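One structure is given here, and the rest of the page talks about it.
No lab work stands behind these numbers, since they all come straight from the coordinates. Quick caveat, the model's predicted, so the values are computed rather than measured. Backbone-built Cβ (ideal geometry, glycine too); neighbour counts: all protein chains shown.
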Number of protein chains: 2
Amino acid sequence: MRNAEWLQERLGGLGMRAEIVHVSNDGLPIVVGEWDGRPGKPHLTIYGHYDVQPPDPLDKWESPPFEPQIREGRLYARGAADSKGNVMAALKAVQHLFAAGGPPLNLRFLLEGEEEIRSESLPRYVRDNAQRLKSDCVLVWDGVFDEQGWPTLATSVRGLLYVELHASGAPNDLHSGLYGGLAPNPIDALAGIIAGLKDHHGRITIPGFYDSVVPTSPQELAEWRSDDANYAARIKAITGIRALDGETNFLARERTGSRPTLDANGILGGFVGEGVKTIIPATAFAKLSMRLVPDQDWRTILTSLEEQVHSLSTPGIEVRVDVLDAAPPVAIGIDPPTADAMRNAFLTSFGNNPIAVREGGTIPVTYDFQRSIGAPLVISGIAQADCAAHSPNENLTVDHYYRGIQTVIRFINELAAIDQ
Amino acid sequence: MRNAEWLQERLGGLGMRAEIVHVSNDGLPIVVGEWDGRPGKPHLTIYGHYDVQPPDPLDKWESPPFEPQIREGRLYARGAADSKGNVMAALKAVQHLFAAGGPPLNLRFLLEGEEEIRSESLPRYVRDNAQRLKSDCVLVWDGVFDEQGWPTLATSVRGLLYVELHASGAPNDLHSGLYGGLAPNPIDALAGIIAGLKDHHGRITIPGFYDSVVPTSPQELAEWRSDDANYAARIKAITGIRALDGETNFLARERTGSRPTLDANGILGGFVGEGVKTIIPATAFAKLSMRLVPDQDWRTILTSLEEQVHSLSTPGIEVRVDVLDAAPPVAIGIDPPTADAMRNAFLTSFGNNPIAVREGGTIPVTYDFQRSIGAPLVISGIAQADCAAHSPNENLTVDHYYRGIQTVIRFINELAAIDQ
């Protein structure tokens, strides 16, 4: 809420009509900024989010996550890259444009506070106000550079299905000496389920899971194949992973962008304090998430997942599947005039043309922008690849921040100059 | 330490020489009580422990675990059954004997504070003082009744191997959207290991695991087979489990006593707070324990376990195996005169003859009693089967407590009367 108020004040200070909109009683509000001082000129909507991932594990941060610190040309803070750095660069760009006589086109900011949780408010707002939100372009300003240092333009955004599995056996923890060998164990059951959801080739075993996956195009495959070993090496260097996991029959770049994935994100059960406790726990739970690609439908997959989970479970263990979050995948055309505007902006500010990528992450509202507003989407952003988004010591290079401001200014100017 | 001082004072108050012995710098002390006022009479050593299991999960207790409460004829508290109830019944019995002119034989209490953790002090003390601790009988007073309400005499005690598996992948948590599909996941790896350590028949896959297992005797099998369905039904009723797990080709009673077992006792990894965090965690760990039976050797099994864990792990994930606890299994002869003394004591106090059982739990020091002192072991106790040892709401029926005091008095009198 403090974030939303700060943004409202900031947008108002620029001369925009700024309001905080509570779409639901329990969600976080969206912040809307409007300026239509250029009748007859195009209308640009800029999307961003002010919420961030939880900062834990706290002990891995070199400086406190909510006390920004600049070290060696990088600003360290939770949200520095994902996505407050992007939002601030856009705000600063627009501030400069107002200072220089006003932006050359009509402008709208849509800033949400639920991108990292179950994004509901902004998608509903977009659906309910589709007519009023008509735009000539939507800039989804929440992206990262690729690991070679190139700016990116996304051609797809993965969807998400995030569930919690709750396994329960006996009503209470049991003595493992007295009942071990007879009592079903919820941790063992969850382990069997998680292990059973992938086969030895990394293929996800949920029935029908891949049925609607749009195959990677031959052009993309050809382009990726030539560079795939280098790509894998760069991913290893950035992340510190020692070996690549995942579907053995697919290119590394396919696995991070055009193939769906499944990961356990958390697990807890039984005694996890210091030392020994010889129990068979009563319950255990795990958080699992799937990244989905066009045209997978999370509702269909949820049904199959539930069946598969129950078939992989152990007799005597009940497993409940709770959905925590879901978002459809989106495929995006790269529309020449708007995409060219961003290409030119990046080329001038960073010296590199952006490359087309499949965005591995999920930005739930893109689906609603596409369905309800229909304007060309430009999905990009300024965080460098080693920004540690979602991880401890998240950071944004100060250089990217300043060049990012220039990029947004140039993009807006290029867009305004498009012959309509 | 408060427990040890309380016991020393109590034993001293009875007229015994009582001392607290610190065997090591970091362990918990043992309490030794000695009375040799009957020269020429047998010497009985009574073993018990004053430590208890951790009380968590605390929210499952109906009354605080360390504020004993009597409800409907049961005393609820952590340790009520395992094993402070046993220890108190023995102390009370001896108190009555002193009040009645002194016990009819020579007596020693050996009470430890490390039974539930890695028991090291008392076993070392027993080994180092074997000659001085010579006894005609060792009463290991830490047992439970069977689930039909019969007292028990153990013919074997399972050993233990308790390990912690630490899995680590990337140096930091990673964004599951950006790196999912490539980054190896420590939770997935642990799940694969835990699931892979048993096959679909519940058989443990550690190479050579069963090589030294002494087969159940034909007499035991015959006796158990006739009652096995009832036994399984009683276990279900007591524990609330909905289905039996474990080795499908063995009787339920074999699985709890004469077969070795493996269970995950705890697991933790990644994000386990409320809501969603889309990460591939850097680390995860699990606690695993094996109950061992004669003549399995935990050192041999540890070596095979380590190999099996590494062969089940995922490339890019390092797994470390830490041993938290280990104890050898023990087979016990039921020696006629001493066992008969306990049979008669139970028959008189409870109206039932004790039955021979294989104790599923582990009492580490029994191995050292057998090896270093060599006297007949009598392993029994007074807790009823539904005492919830190691679980929330642990309890002892008040009736068992009073009858337990009588049982110890009678056992001592019977033992003193044995013609030597």
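The C-alpha atoms of chain B define a longest principal axis, and helix B:218-239 lies at about 70 degrees to it. Extent of region B:1-57 along its three principal axes (Cα atoms, max minus min coordinate, largest first): 49, 23, 21 Å. When the Cα atoms of region A:271-420 are aligned to their principal axes, the ranges along those axes come out at 69, 39, 20 Å in descending order. Remark: relative contact order (region B:1-125) = 36 percent; criterion is Cα-Cα distance under 8 angstrom and separation of 6 or more residues. Take B:6-14, A:373-381, B:211-219 and order them by the average number of nearby Cβ atoms within 10 Å per residue, most first; the result is A:373-381, B:6-14, B:211-219. The relative contact order of chain B comes to 28 percent, based on Cα pairs under 8 Å that sit 6 or more residues apart. Placing a pseudo-label 7 Å from each Cα along the Cα-to-Cβ vector at B:N230 and B:I70 gives an inter-label distance of 3.3 nm.
Report the paramagnetic label zone for B:W6: residues of region B:48-69 whose backbone N is under 19 Å from a point 7 Å from Cα along the Cα-to-Cβ axis. Only B:48-56, B:63-69 fall inside the zone, counting backbone N under 19 Å. Size descriptors for region A:169-217 (Cα atoms only): Rg and Dmax, in that order, 17.5, 58 Å.
Can you give the Rg to Rh ratio for region A:72-127, taking only C-alpha atoms and Rh from Kirkwood?
Values: Rg = 14.6 Å, Rh = 13.6 Å.
Rg divided by Rh gives 1.07.
Annotation: amide H of A:N172 has no partner in the under-5 Å range at sequence separation 5 or more or interchain, hydrogens built in the peptide plane.
The mean count of C-beta atoms from other chains within 10 Å of the C-beta of residues in A:158-166, rounded to a whole number, is 2. Taking 7 Å steps out from each Cα toward its Cβ at B:D399 and A:A237 produces label points 7.6 nm apart. For region A:23-136, DSSP calls about 55 percent of its internal beta bridges antiparallel. The magnitude of the dipole of the protein assembly as shown, with charges of +1 and -1 set on the Cβ of Lys/Arg and Asp/Glu and taken from the Cα centre, is near 280 debye. Three principal axis extents of region B:187-315 based on alpha-carbon atoms, in descending order, are 55, 35, 20 Å.
Normalising the Debye intensity of region A:1-135 to I(0), with uniform scatterers on Cα atoms only, and taking log10 at q = 0.16, 0.20, 0.22 Å⁻¹ returns -0.88, -1.21, -1.36. The tail of the calculated P(r) for region A:129-184, taken as Cα-Cα distances beyond 14 Å, holds 77 percent of the pairs. A label point on A:N413, set 7 Å along the Cα-to-Cβ line, lies at 10.7 nm from each of its counterparts in the other copies, closest listed first. For the protein assembly as shown, the alpha carbon convex hull comes to 173 Å³ per residue, rounded to a whole number. Write down the percent of antiparallel bridges among all DSSP beta bridges whose residues are both part of the protein assembly as shown, to the nearest 5. If I count the DSSP bridges inside the protein assembly as shown, around 70 percent turn out antiparallel. Ranked from shortest, the separations from the 7 Å Cα-to-Cβ label point of A:P336 to its equivalents in the other copies are 10.6 nm. For the pair region A:200-219 / region A:108-171, the C-alpha centres are spaced 23 Å from each other.
Dividing the convex hull volume of the alpha carbon atoms of region B:341-385 by its residue count gives 92 Å³ per residue.
For region A:36-179, the Cβ-based charge dipole about the Cα centre amounts to some 820 debye (Lys, Arg positive; Asp, Glu negative; other atoms uncharged). When +1 charges are put on Lys and Arg Cβ atoms and -1 charges on Asp and Glu Cβ atoms, the dipole computed for region A:296-350 relative to its Cα centre reaches about 180 debye.
Could you tell me the ratio Rg/Rh of region A:86-193? Both radii from Cα atoms, Rh via Kirkwood.
That ratio equals 1.26.
Within chain B, the ratio Rg/Rh, alpha carbon atoms throughout and Rh by Kirkwood, equals 1.00. Counting only residues at least eight positions apart within a chain, or on another chain, the lysines with an alpha carbon under 21 Å from that of A:K134 are A:K41. Look at the alpha carbon pairs under 8 Å that are at least 6 residues apart: their mean separation over the length of region B:1-70 gives a relative contact order of 22 percent.
In nanometers and ordered shortest first, the copy-to-copy spacing of the B:W6 label point, defined 7 Å from Cα toward Cβ, is 5.3.
Each of B:P329, B:G257, B:G270 was placed along the dipole of region B:250-338 (beta-carbon charges, centred on the mean Cα), and the one lying farthest toward the positive end is B:G270. Starting from the Cα of A:N25, step 7 Å toward the Cβ, then list every residue of region A:100-143 with an amide N under 19 Å from that point. Hits in region A:100-143 for A:N25 at 19 Å: A:120-122, A:124-125.
Label-to-label distance for A:D211 and B:R38 is 8.0 nm, based on points extended 7 Å past Cα in the beta-carbon direction. The equivalent ellipsoid that matches the C-alpha gyration tensor of region B:171-252 spans semi-axes of 40, 18, 8 angstrom, in descending order.
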